[in-house]
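Peer 1: One structure, pasted below without further comment.
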Amino acid sequence: MKLSQLWTAPNQLTLLRMLFLPFIVISLVDGHYGTALILFVLAGMSDGLDGLLARRLHQQTLLGQYLDPIADKLLLSTLFLVLSILHKIPWKYTVLVFGRDIAILVTSAVLYTIAGLRNFSPSIFGKANTCAQIAAVFFVMLFEVYHVRTLWITRTVLLWATFIFTAISWVHYAFLIQTRLRGAHAAEARSGPNKQVA
């Protein structure tokens, strides 16, 4: 992985998205939900823009494939945690979100170390989970700015959607791992006799 990949426009935008995080957290802790919401929207816009630039400028890099989801998870997981500490999101949602992400991270590291498995592309359930988390965080903060019952209902529905998609994507990921491991084991078994003959 070349260090020069870090200086491409899409990866610079991804790093910029990470820089939004401390200022969003500071705004939340200080009770400035309007400011936090604006910064969160700007971070989301940079997320869409870096993907667009990567395709338009043909600057899709291996570093970007790893850096982009890390930036997303760092942003969303931290905001779930902070908003739970501030009693704006019930802990059960945050615990499930963190549990899934930590389990996937540890499992991926172990599988890469032991079996050399890598490149677990996000599934449709994982993408739906990310969208639900983004929407949930947005409406949780928006409700703190405008205390309207419709927004409260929307935030509640989206938090439950996050809960459901997190659970489904976690189960799907476990199924995907089993499938990949069986495939790797079968490939190893097929190549075993060939190695002995050689």
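Peer 1: Would you confirm, using the coordinates I've provided, whether residue 13 is surrounded by 15 or more Cβ atoms within 10 Å (Cβ to Cβ), more than 18 Å from residue 130 (Cα to Cα) and at pLDDT below 85?
Peer 2: Working: surrounded by 15 or more Cβ atoms within 10 Å (Cβ to Cβ): yes; more than 18 Å from residue 130 (Cα to Cα): yes; at pLDDT below 85: yes.
Yes.
Peer 1: Pairs only if they're at least six apart or on different chains, beta carbon under 7 angstrom, first in the range 75-86 and more than 21 Å from residue 16 (Cβ to Cβ), second surrounded by fewer than 18 Cβ atoms within 10 Å (Cβ to Cβ); list them, first residue then second.
Peer 2: 84/91
Peer 1: Given the condition in a loop (DSSP other than H, G, I, E, B), under 26 Å from residue 45 (Cβ atoms) and either at pLDDT 85 or above or touching a Gly at 6+ places or on another chain (Cβ under 7 Å) (or both), answer yes or no: does some residue in the range 109-132 qualify?
Peer 2: The answer is no, given that none of the residues of the range 109-132 is in a loop (DSSP other than H, G, I, E, B), under 26 Å from residue 45 (Cβ atoms) and either at pLDDT 85 or above or touching a Gly at 6+ places or on another chain (Cβ under 7 Å) (or both).
Peer 1: Which ones in the range 133-181 are more than 19 Å from residue 97 (Cα to Cα), modelled with pLDDT of 90 or more, part of a helix (DSSP H, G or I) and of a type outside the set (Val, Ile, Thr)?
Peer 2: 142, 143, 144, 149, 151, 152, listed by residue number.
Peer 1: Quick check on my filter: what residues within the range 46-93 are surrounded by 14 or more Cβ atoms within 10 Å (Cβ to Cβ), aliphatic (A, V, I, L, M), at pLDDT 65 or above and assigned to a helix (DSSP H, G or I)?
Peer 2: Residues satisfying the conditions are 67, 71, 74, 75, 76, 79, 81, 82, 83.
The values are calculated or read from the model by the stated rules, or taken from the named source; none is laboratory data. Source: prediction; values computed, not measured. Using ideal geometry, Cβ is built from the backbone for each residue, glycine included, and neighbour counts are taken over all protein chains shown.
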